[in-house]
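Structure record follows, encoded as structure tokens.
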Amino acid sequence: MRRAILLSAGMFLGCASTIDGTGGLDGGRDAGGDGASRRDAPADARDVPYFDTNAYDVFREDACPGARPPAQRAYECDPLSRSGCPADQGCYAYIEYPTVRCGSEIYRARCFEAGTTATGMFCRSGTECTAGAGCFVTGAMNRCLQLCRLDGAEPRCQRGTVCEPTDLPDFGACQ
């Protein structure tokens, strides 16, 4: 999955704020500062890190002691073959997250009214997408992506796309 990361030009040009708050490349007059620079700061001020590494406590207790219960699967239909639903509905897979601490997910698939948003278009929920697709977070915002089998069986992705894993263990998405 491709992700775009916006980097500030200041990260490469050294345009970070200085200790005395003057900013600019070195805080000098040429950079719009008042002539003071970080080099002019007292030695103990120059050694202060920008980020205090001891500022955050780390909680090291195991959040879920013992074995966590295995995830459950409760499929009422097949999102890939679109079988098990009336003609005007589509089968949509989703995750039901645990309501108790250290619970397990339930992977579900149910029939809902078929969506009309085509594959590759923007979406807000999985049931907006046409049958056989789902709404996924991508590097290009939420998009309807065609579902596929991770083992390479039918239905396969179109030429130029790859079946990538998703949060749903039994289904991938063509990207």
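The numbers here are math on the coordinates, done by the rules we state, and not lab data. Since the structure is predicted, the reported quantities are computational estimates derived from the model, not experimental observations. Quick reminder, even Gly has a Cβ in these numbers, built from the backbone with ideal geometry, and neighbours come from all protein chains shown.
Sorting the segments 119-132, 156-169 by their residues' average number of neighbouring beta-carbon atoms within 10 angstrom, most packed first, yields 119-132, 156-169.
Packing here is the average count of other Cβ atoms within 10 Å per residue, and on that basis the peptides 139-147, 100-108, highest first, run 139-147, 100-108.
For Val137 and Ala87, the FRET efficiency from 1/(1 + (r/R0)^6), where r spans their Cβ atoms and R0 equals 22 Å, is about 0.15. Relative to a virtual label point 7 Å from the Cα of Ile95 in the Cα→beta-carbon direction, which members of the range 142-175 show backbone nitrogen distances below 17 Å? It comes to 142-143, 145, 147-148, 150, 164-174, nothing else. As a ratio to 2.2 N^0.38 Å, the alpha-carbon radius of gyration computed for the range 76-174 takes the value 1.05. Think of the range 79-150 as a dipole: +1 on every Lys or Arg Cβ, -1 on every Asp or Glu Cβ, centred on the Cα centre; then among Thr138, Leu150, Thr119, Leu150 lies furthest on the positive end.
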